[in-house]
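Contents: one structure, followed by commentary.
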Amino acid sequence: MGESSHGATKSIYAADPDSNEFEIMWMLPREEWGAYEDAAPVDRLDLDAELARWPGVRTAGRITPEPADT
């Protein structure tokens, strides 16, 4: 259905077969928020560029603690 960049977060919007709309959102690492710390613009998302820029980065590690090694 669509996609957008909100600065520190990126979103993809879709609908399931029953027409329930949903959003997949991911957050950049906190040290990358910069000017978007207190802002949430709605800009075009260049998904290919974002995937190339952030391969393998665990984006929620600073918000949700990582599990302790056992």
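Read the figures in this text as sums done on the coordinates, not as results from a lab. These numbers come from a predicted model, not from an experiment. We place every Cβ from the backbone using ideal geometry, glycine too, and count neighbours over all the protein chains shown.
Between residue 46 and residue 22, the FRET efficiency estimated from the beta carbon spacing at R0 = 25 angstrom works out to 0.70.
The packing ranking, built from the mean of other Cβ atoms within 10 Å per residue, places the peptides 17-26, 36-45 in the order 36-45, 17-26, highest first.
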